[in-house]
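Reviewing the structure listed below.
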Amino acid sequence: MSTQIALAERTSTEMKFFHQDIRLWTEEGLQFIDLTDQVIELVERSGVQNGMVNVQTRHTTTAVIVNEHEPLLLEDMKRTLARLVPRDDDYQHNNFAIRTFNMTPDESPNGHSHCQGLLLSSSATLNVVDGEIQFGCWQRIFFIELDRARERSVSVMVIGQAAAPAVVSFPW
Amino acid sequence: MSTQIALAERTSTEMKFFHQDIRLWTEEGLQFIDLTDQVIELVERSGVQNGMVNVQTRHTTTAVIVNEHEPLLLEDMKRTLARLVPRDDDYQHNNFAIRTFNMTPDESPNGHSHCQGLLLSSSATLNVVDGEIQFGCWQRIFFIELDRARERSVSVMVIGQAAAPAVVSFPW
Amino acid sequence: MSTQIALAERTSTEMKFFHQDIRLWTEEGLQFIDLTDQVIELVERSGVQNGMVNVQTRHTTTAVIVNEHEPLLLEDMKRTLARLVPRDDDYQHNNFAIRTFNMTPDESPNGHSHCQGLLLSSSATLNVVDGEIQFGCWQRIFFIELDRARERSVSVMVIGQAAAPAVVSFPW
């Protein structure tokens, strides 16, 4: 049923850690924002040749997922989320008459956003080999806004083996 | 739509690996246990300055997720899980008359627990920069018991660049 | 409610990066393929003693999850996915009369596969301590085919502290 291919093996004492936040301004609930090009650029700038990149949201009413960027499909995925976890259901988190925890001046009803987020991922971890994220041909990284138009922030960490200095010939 | 901020870049040959299990005794099904303070403490004790922490459950009827710790919201999330994957549905895994695999002396019907777990995460991977987990202000790490009161174990691995010895001045 | 056990701490300058693709030929939609033995073998071959393994699919109509390998339960999980995100729902991604993006010669209706994948994980990140993946006793890694019989590829990256050369005595 299966076989294994494409072995790559590296031993190194030179590690690289590269971190950057991506700041976003979302426009509406259930917005999918494609971060792929920015994450690819960060991995290139990191100089990491072999390792991992972890794309982590800093919010509890958002998600980071990997799927295909086809406009009609994005609508299908939005409908799926809204159908499984409807905005209009009864969420106690939205009951500001009884809720006392974590209330903010601009609090708005977003129980559905948290419960949609429960079913999604807060981060995507992808492998990096020879400086390239190991994407299949349709894979794209999306940030999903599950609440409303907000300023958002995504933490991107690349860790792994640094590229050898240009003057050194590699034995690989 | 977006811009990038807060660059942090480190090259190091000194790596640190720190692992610890967190042991838990859960009290009931659909219990959310906040592990955030313990994970923060482990990252501090690890001495890792830049890297990642991976919080991984060792069980198939539990989950590790990141969301907000607001008591009413926790009830909303429990109801969402119980509604989407009801305990009383017909699960063949619960049919001990025909099931032969993985039967244990204390086997109890938990098909719903596994199927709820299918929709959740078995681990959460978070970025660490300058010794701090890159949490947004509402993010908390939860262990979710999906079965019944049990002894549980969570594996926490911190990997990354070690802190420099205190007497060495850093060129960053 | 909880206590912490089993501390393991390592400092090292010798890092190892080991990557391999696992190639699969799936047979049908909603097929669960157990990759556990292959991933364990790759971790052993990597020589990594302490670190992480990330098992990442390269496709958008598949998933990588951790759950129990009990044949009746696998059927329960398939039914859960098919019930929550039915194949026969109306997906615009399947409307080839209006869709213009990402059309391929062998395009077939798989909107449900993408939307099921939205609820699942595209990778599983597991901790490695003393050369062993930190599995609980029932945990197995599954690749899930959500579309139809296809050739598939899974990227497995192991990163961490290399084993010491056999002739060197370790100070741990």
Assuming a viscosity of 0.692 mPa s and a temperature of 37 °C, what translational diffusion coefficient in µm² per second does Stokes-Einstein assign to the range A:19-84, Rh being the Kirkwood radius over Cα pairs? 236 µm²/s
To the nearest 20 debye, what charge dipole does the protein assembly as shown have about its Cα centre, counting +1 at the Cβ of each Lys and Arg and -1 at the Cβ of each Asp and Glu? 460 debye
May I ask which residue of B:Phe17, B:Val66, B:Ser113 lies farthest towards the positive end of the charge dipole of chain B, with charges of +1 (Lys, Arg) and -1 (Asp, Glu) on Cβ and the Cα centre as origin? B:Phe17
For peptide B:81-94, the mean count of other chain Cβ atoms within 10 Å per residue Cβ is 4
Hey, if you put +1 on the Cβ of every Lys and Arg and -1 on every Asp and Glu Cβ in the range B:23-100, which of B:Ile40, B:Thr80, B:Gln56 ends up farthest toward the positive end of that dipole? B:Gln56
Based on the Cα atoms of the range A:21-172, what semi-axes does the equivalent ellipsoid have, where each is the square root of 5 times one gyration tensor eigenvalue, given in whole Å with the largest first? 36, 17, 11
Could you work out the equivalent-ellipsoid semi-axes for the range B:52-94, taking the square root of 5 times each eigenvalue of the Cα gyration tensor, largest first, in whole Å? 23, 19, 6
Cα-projected label distance for B:Glu14 with B:Phe96, points at 7 Å along beta-carbon direction, nm: 5.6 nm
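Sequence gap at least 6, Cα distance under 8 Å: using those rules, report the relative contact order of chain C to the nearest whole percent.
Relative contact order comes out at 50 percent.
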Ignoring everything except DSSP H segments at least 4 long, calculate the 222 nm mean residue ellipticity for chain B; use -39,500 (n - 2.57) per segment, divide by total residues, nearest 500. -6000 deg cm²/dmol
So the label point sits 7 Å from Cα along the Cα-to-Cβ vector; using that for B:Arg79, what distances do you get to the other copies, in nanometres, sorted shortest first? 2.7, 2.7
With a sphere of radius 14 Å drawn around the Cβ of B:Leu72, what net charge do the other residues whose Cβ falls strictly inside it have (Lys, Arg +1; Asp, Glu -1)? -4
Across the identical copies, how the B:Arg23 labels are spaced - nm, sorted shortest first, 7 Å along Cα→Cβ: 4.7, 4.7
Here P(r) for the range A:71-159, Cα-Cα distances in 5 Å bins, as whole percents, is 2, 10, 17, 18, 18, 13, 9, 6, 4, 2, 0, 0
Provide an ascending nm list, one decimal, of label-point separations from A:Pro105 to the equivalent residue in each further copy; define each label point as 7 Å from Cα along Cα→Cβ. 6.2, 6.2
Cβ neighbours within 10 Å from other chains - mean over B:57-63: 5
Let me know the Kirkwood hydrodynamic radius for the range A:110-160, please, with Cα pairs as the basis and the value in Å to one decimal. 13.5 Å
Share (percent) of C-alpha pair distances in the protein assembly as shown greater than 44 Å works out to 10 percent
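Every number here is computed from the coordinates shown, using simple stated rules; none is lab data. Bear in mind the structure is a predicted one, so any value in this text is a computation, not a measurement. Reconstructed Cβ throughout: ideal geometry from the backbone, glycine too, with neighbour counts over all protein chains shown.
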